[in-house]
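Engineer: Here it is, the structure in full.
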Amino acid sequence: MTLRLFNTLTGQLDALVPADGKALRMYACGPTVYDYGHIGNFRTFLQIDILRRFLHLIGTPVFHVMNITDVDDKIIRNAAQAGLPIGEYTARYEQAFFEDLKALRVEIPEQIARATEHIPRMVELIQKLEAAGAAYRTGEGSWYFRLAAFPEYGKLSKKDLSGIEDGARVDVDEYEKDSARDFALWKAAKPGETSWETPIGRGRPGWHIECSAMAMEYLGESFDLHCGGEDLMFPHHENEIAQSETATGKPFARHWMHVRFLLVDGRKMSKSEGNFFTLRDLLLKGYKASAIRLALISVPYRHQLNFTFEGLADATNAIDRLRTFHQRLTAGAFAMGSNQAVQDAAKKAQTDYRDALANDLNTAEARAAIFGFVREANTIIDRGLFHISDRDAALAVLKDFDAVFDVIEDRDAEPTRRALEWAAQSGRQAEVAPALLASQSLTDEAVAALIGERTLAKQQRNFARADQIRAELAEKGVVIEDAKDGVRWKRK
RNA sequence: GGCGCGGUACCCAAGUGGUAAGGGAGAGGUCUGCAAAACCUUUAUGCGCCGGUUCGAUCCCGGCCCGCGCCUCCA
């Protein structure tokens, strides 16, 4: 099975297969670590996670490189405001970023590449460009890429810049450039700013050069796939292509994937709109990490996702449905044998599921295949026609689902606990939802004890007491269900 | 202005030239001490509007309306 993925470069679905026949070599633009990640950032990283997990599901090994931009204008500005060296400043947010990825169950790429650790490679690349006549140095020591040196410029974003006159619609830069569209490769040192002494002068890298240098360092001059948010298509990726292909004379990435931005309540998320949320904001409101994950991956990556709290609640309930089904499978006692109807339905669900994902990562359709199976299986269980071997088949379906979606296995307690710890450390207790605090007040052991007491009360037909305990638990966010095979409970 | 995307039931959201997946929510029912869960029934003769092509269009073409994104180192 091969994944057919939309390729921005060709404008069509192309088969995504490793050029070397072994591992798929991919580069993903990572975060600029100057603040906590927001849900928009994570939608992109989650969709890339879906991609790599699906590749693994169909047996394609992946070598995935992600950069960390740990030096740029915003970082320099914010670190100065915080009175910290940029290394200390970025380390804090880089750590937070990885904690957040872990909470969202995003797999960590095989290779993490920090810009500040690859300065020599960037310098070499700039020197190469200079030798090719595509880079020039300005009076105060900055370096620019000469756009005129790359006639194919615009091929990714389908922009025709030939008609754009210098100076029109382009910010006035503090540095003099030959042409307004020429972009910075290297920025001359300014007093008080972090800089590196190098053969091309003292300064710091421009933004685009780090990705070219690091992608080539770990993946070679040509590689399979480059991904990022849609905003990066232009100018970032366009510039990467220009400088990389000019330097090597070879195609850079063969395949480009861009994840669309999400909207919040129908508008672009922004701090000034008041609809800006970090992952931590949501965890402190009491939403589970798994629900956030599901909400952010259920709409296919090429479609705008409108993020709402209602959607988050929907996702929470959808996960409950899957988890209840899973519990039902594992806890239930089934007779020996198998039911052909279940076996067939399971096979079909798995096929439909994989086909949907293979078709440009259609997560919505893939999800539907799984949920459709869940209902079929539940119906058969209700009729008492579900057998031991059917359980294996059903669990295999859920396993495939979780190999990519990863929301059924409940590992939500840890991210929530960490978020609460973080809130306490950073003085944000006021942001913690009261219901979340209440639900934290009962340990698993305390819940078990109360459930034991309730079971006893029920046996004595003391339903008043039993209901009282149930209400007490409900207040603390614990929901119980009396099933045939025992009491199930979960935290809301 | 240039480039691009989208408008499908109460909400979210797939999809196909042949008659509308899935999730959530609501209502009724089965089951249950009661709940919950699960299941069943139910909620678009209809897929923004108007034309056209076609035996037939939500899906193709044209126009219009509305929303959104990029064109500013914001994922």
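Since every read-out is calculated from the coordinates, none of them should be taken as a lab result. It should be emphasised that the depicted structure is a prediction, and the values quoted were computed from it without experimental measurement. Cβ placement follows ideal geometry from the backbone for every residue including glycine, while neighbour counts extend to all protein chains displayed.
Engineer: Can you work out ³J(HN,Hα) from phi for every residue in the stretch A:440-445, in order, using Karplus 6.51 cos²θ - 1.76 cosθ + 1.60 and θ = phi - 60°, giving whole Hz and x for Gly and Pro?
Structural biologist: After applying 6.51 cos²θ - 1.76 cosθ + 1.60, I find 7, 7, 10, 7, 4, 5 Hz.
Engineer: Could you work out the local net charge near A:GLY229, counting Lys and Arg as +1, Asp and Glu as -1, over the other residues with Cβ closer than 9 Å to its Cβ?
Structural biologist: 0
Engineer: Identify, among A:LEU450, A:ALA464, A:GLY477, the residue whose Cα sits farthest towards the positive end of the charge dipole of the stretch A:441-491, taking +1 on the Cβ of Lys and Arg and -1 on the Cβ of Asp and Glu, with the dipole about the Cα centre.
Structural biologist: My answer, from the dipole projection, is A:ALA464.
Engineer: Next question, about the same structure. Show the residues, 5+ positions off or on another chain, whose built amide H is closer than 5 Å to the amide H of A:CYS227.
Structural biologist: Answer set, sorted by chain and number: A:TYR27, A:ALA28, A:CYS29, A:MET257.
Engineer: Wrap a convex hull around the Cα atoms of the stretch A:7-56, take a quarter of its surface area, and give that in square nanometres.
Structural biologist: Approximately 4.7 nm², given one-decimal rounding.
Engineer: Highest mean first, what order results for A:34-43, A:300-309 on Cβ atoms within 10 Å?
Structural biologist: Per-residue Cβ counts within 10 Å, averaged per peptide and sorted highest first, yield A:34-43, A:300-309.
Engineer: Can you tell me the relative contact order of chain A? Whole percent, Cα pairs under 8 Å, sequence separation 6 or more.
Structural biologist: Relative contact order of chain A: 16 percent.
Engineer: Related question: Rounded to the nearest 5, what % of the DSSP beta bridges within chain A are antiparallel ones?
Structural biologist: 50
Engineer: Where the centre of each part is set by its Cα atoms, how far does the stretch A:176-210 sit from the stretch A:73-125, in angstrom?
Structural biologist: The two parts, judged by their Cα centres, are 19 Å apart.
Engineer: Can I ask one more? With +1 on the Cβ of every Lys and Arg and -1 on the Cβ of every Asp and Glu, and nothing else charged, how large is the dipole of chain A about its Cα centre, in debye rounded to the nearest 20?
Structural biologist: The calculation lands at about 1400 debye.
Engineer: Another question, then. Tally Lys and Arg at +1 and Asp and Glu at -1 over the other residues with C-beta under 13 Å from the C-beta of A:ALA15: what net charge comes out?
Structural biologist: Net of charged neighbours comes to -1.
Engineer: What lysines could a cross-link reach from A:LYS484, if we take a straight Cα to Cα line under 26 Å and drop same-chain neighbours fewer than 8 places away?
Structural biologist: Result set, ordered by chain and number: A:LYS399, A:LYS458, A:LYS476, A:LYS492.
Engineer: Further, regarding this structure: If Lys and Arg each add +1 and Asp and Glu each add -1, what is the summed charge of the other residues whose beta carbon sits under 10 Å from the beta carbon of A:ILE108?
Structural biologist: Value of the local net charge: -2.
Engineer: So, one more: Could you pull out every one of the lysines with an alpha carbon less than 16 Å from that of A:LYS155, ignoring same-chain neighbours closer than 8 positions?
Structural biologist: Partners found: A:LYS250.
Engineer: Hey, can you grab everything whose amide H is under 5 Å from the amide H of A:ILE68? Only 5+ residues off in sequence or another chain; H modelled, so Pro and N-termini drop out.
Structural biologist: Counting only residues 5 or more places away or on other chains, the set is A:ALA113, A:ARG114, A:ALA115.
Engineer: Give me A:SER179, A:SER298 ranked fewest to most by other Cβ atoms within 10 Å of their Cβ, as a rough exposure proxy.
Structural biologist: A:SER179, A:SER298
Engineer: If you don't mind, there's one more thing I want to ask. Using the 10 angstrom Cβ neighbour count as an exposure proxy, how do A:ILE381, A:ILE112 rank, fewest first?
Structural biologist: A:ILE112, A:ILE381
Engineer: Something else now. Applying the Karplus parametrisation 6.51 cos²θ - 1.76 cosθ + 1.60 with θ = phi - 60° to the phi angles of the stretch A:298-312, what ³J(HN,Hα) value in whole Hz is obtained for each residue in order, glycine and proline being reported as x?
Structural biologist: Those phi angles translate into 6, 8, x, 4, 8, 9, 4, 9, 9, 7, 9, 5, 5, x, 5 Hz.
Engineer: Jot down the radius of gyration and Dmax of the stretch A:441-491, Cα atoms only, both in angstrom.
Structural biologist: Cα radius of gyration and Dmax of the stretch A:441-491 are 10.2, 29 Å respectively.
Engineer: With unit charges on the beta carbons (Lys and Arg positive, Asp and Glu negative) and the dipole taken about the Cα centre of chain A, which residue among A:THR330, A:PHE307, A:ASN275 sits farthest to the positive side?
Structural biologist: Final value for the positive-end residue is A:THR330.
Engineer: Please give the charge dipole size of the stretch A:1-137, origin at the Cα centre, charges +1 on K and R Cβ atoms and -1 on D and E Cβ atoms. Round to the nearest 20 debye.
Structural biologist: Taking the Cα centre of the stretch A:1-137 as origin, the dipole is about 300 debye.
Engineer: Quote the charge dipole size of the stretch A:267-404 about the Cα centre in Debye, to the nearest 20; the model charges only the Cβ of Lys and Arg (+1) and of Asp and Glu (-1).
Structural biologist: 440
Engineer: Can I ask one more? I need to check one value: relative contact order of the stretch A:267-404, counting alpha carbon pairs closer than 8 Å and at least 6 residues apart, in percent.
Structural biologist: The value is 26 percent.
Engineer: Hey, can you grab everything whose amide H is under 5 Å from the amide H of A:LEU3? Only 5+ residues off in sequence or another chain; H modelled, so Pro and N-termini drop out.
Structural biologist: Those qualifying (amide H under 5 Å, at least 5 residues apart or on another chain) are A:LEU16.
Engineer: Among A:ALA135, A:ALA291, A:ALA79, whose Cα sits farthest toward the positive end of the charge dipole of chain A (+1 at Cβ of Lys/Arg, -1 at Cβ of Asp/Glu, about the Cα centre)?
Structural biologist: A:ALA291
Engineer: State, as an integer percentage, the relative contact order of the stretch A:441-491 based on alpha-carbon contacts under 8 Å between residues 6 or more apart.
Structural biologist: Over the stretch A:441-491, the number comes to 26 percent.
Engineer: Let me see the P(r) profile for chain A: every Cα-Cα distance counted, bins of 20 Å, each bin given as a percent of all pairs.
Structural biologist: Reading the bins upward from 0: 20, 48, 25, 7, 0.
Engineer: Can you run phi through the Karplus equation (6.51, -1.76, 1.60; θ = phi - 60°) for the stretch A:122-131 and list ³J(HN,Hα) in whole Hz, with x for Gly and Pro?
Structural biologist: So the Karplus estimates, Gly and Pro as x, are 5, 4, 4, 5, 5, 5, 4, 5, 5, 4 Hz.
Engineer: May I ask you to sort A:MET336, A:MET269, A:MET1 by Cβ crowding, counting other Cβ atoms within 10 Å and putting the fewest first?
Structural biologist: The most exposed by this proxy come first: A:MET336, A:MET1, A:MET269.
Engineer: Return the lysines within reach of A:LYS177: Cα separation strictly under 17 angstrom, same-chain partners fewer than 8 residues apart disregarded; answer none if there are no such residues.
Structural biologist: A:LYS187
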